[in-house]
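I have placed the structure first, in the form of C-alpha cells, so that the comments after it can refer back to it.
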Amino acid sequence: MTDNHSTALAQLWQRLARVREFSFTASNGPGSATDWRGHARGDVEVVAGEQQVLFLESAHFTHSDGRQMDMRNRYRWTLLPESVRLEHLRRAEPVLLFELQPVTAHGFRQVAPHICGADEYTAELLLHDNEIELIWQIHGPRKNERLHYHYW
C-alpha cells in the first residue's frame, strides 16, 4: 500500500469516529422495478473502539410521494490492515456489505462487489474536507438503484 493510501485509511478511520449526522438519498434508474426513492436526514450515534466503529443511524425517510417513515440502520466499520470492512447489523448475523480499499489519497472503492441473490452491490467512498460521501449502486434483474450517503 502506498503512503497516500495508508494516509487515506488513517484519515477515514479518525473521521468515522467523529460522525454525528447523515443524509441519505435513494434513487432508481431505467429498468428498476422498485419504488425506493426519497431522502432522509438524521443522527448517528457512534460507538467507537480501537478496531471497530458502530453507526446507529436514525432518521425520518421521506418518500418521493411524500410518505414518511422511520429509518434505522446499524452499521459496523472494522479497520483491517489495508481496508475497512462495512457490515450491516440488521439481523442476528452481520451482513458483509463491502471491504473498501483506498484507490486515491481521498477515494475508496469496494475490493469485490457484494452479491445478494441476483443483485450486485458496488460502492465508492470519498473523503471531503467536511464530510464523508458513500455511494452505493445496486444492479440486478429488477434493480437499478443508487444510495447516496453524506456523513459529517
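The values are calculated or read from the model by the stated rules, or taken from the named source; none is laboratory data. Nothing here was measured: the structure is a model prediction, and the numbers come from that model. Positions of Cβ are generated from backbone atoms using ideal geometry, with glycine treated the same way; all protein chains shown enter the neighbour counts.
In the set Asp3, Asp70, which member is in contact (Cβ under 8 Å) with a residue 12 or more places away in the chain and of a type in the set (Asp, Glu)?
On inspection, the qualifying residue turns out to be Asp70.
Would you be able to tell me the number of residues in the stretch 1-54 that are among the hydrophobic types (A, V, I, L, M, F, W, C), more than 15 Å from the chain's Cα centre (by Cα) and within 15 Å of Arg85 (Cα to Cα)? If you could, list the steps in order and put the result at the bottom.
Narrowing the stretch 1-54 to residues among the hydrophobic types (A, V, I, L, M, F, W, C): 1, 8-10, 12-13, 16-17, 19, 22, 24, 26, 33, 36, 40, 44, 46-48, 53-54.
With more than 15 Å from the chain's Cα centre (by Cα) added as a condition, the list becomes 1, 8-10, 33, 36, 47-48.
Going one step further and asking which of them are within 15 Å of Arg85 (Cα to Cα), we end up with 8-10, 48.
Counting residues in the stretch 1-54 that are among the hydrophobic types (A, V, I, L, M, F, W, C), more than 15 Å from the chain's Cα centre (by Cα) and within 15 Å of Arg85 (Cα to Cα) gives 4.
Consider only pairs whose beta carbons are under 6 Å apart and that are at least six residues apart or on different chains; among these, list those whose first residue lies in the stretch 16-36 and is under 16 Å from His128 (Cα atoms) and of a type in the set (Lys, Arg) and whose second residue is modelled with pLDDT of 95 or more and crowded, with 16+ Cβ neighbours inside 10 Å.
Pairs found: Arg20/Val44.
With the requirement that a residue be out of contact with any Ser or Thr (no Cβ under 9 Å at 6 or more places or on another chain), among the basic types (Lys, Arg) and within 16 Å of Arg90 (Cα to Cα), what does the stretch 46-76 give you? Write out each step before concluding.
From the stretch 46-76, those out of contact with any Ser or Thr (no Cβ under 9 Å at 6 or more places or on another chain) are 46-50, 54-58, 60-63, 65-67, 74-76; that's our starting set.
Subsequent filtering for residues that are among the basic types (Lys, Arg) retains 67, 74, 76.
Listed by number, the residues that qualify are Arg74, Arg76.
Test Ile115 against the criterion of being of a type in the set (Val, Ile, Thr), at pLDDT 95 or above and exposed (fewer than 15 other Cβ atoms within 10 Å of the Cβ), and give yes or no.
Judged against the criteria, Ile115 is a match.
Where in the stretch 1-80 are there strands (runs of 3 or more DSSP E), lying wholly inside it, with at least 1 residues that are surrounded by fewer than 13 Cβ atoms within 10 Å (Cβ to Cβ) and at pLDDT 95 or above?
The qualifying strands (runs of 3 or more DSSP E) are 38-48, 52-63, 68-79.
Identify all residues within the stretch 82-93 that are of a type outside the set (Asp, Glu), at pLDDT 95 or above and outside any strand (DSSP E or B); write none if there are none.
Passing the criteria: Ser83, Leu89.
Would you mention how many residues in the stretch 94-115 are over 21 Å from Phe24 (Cα atoms) and not in a loop (DSSP other than H, G, I, E, B)?
3
Checking Glu87 against (1) among the acidic types (Asp, Glu); (2) surrounded by 13 or more Cβ atoms within 10 Å (Cβ to Cβ); (3) closer than 19 Å to Trp152 by Cα, which test does it fail?
It fails just one condition, (3).
Based on what the data block shows, is Glu133 acidic (Asp, Glu), within 20 Å of Leu54 (Cα to Cα) and loosely packed, with under 13 Cβ neighbours inside 10 Å?
Against the criterion (acidic (Asp, Glu), within 20 Å of Leu54 (Cα to Cα) and loosely packed, with under 13 Cβ neighbours inside 10 Å), Glu133 does not qualify.
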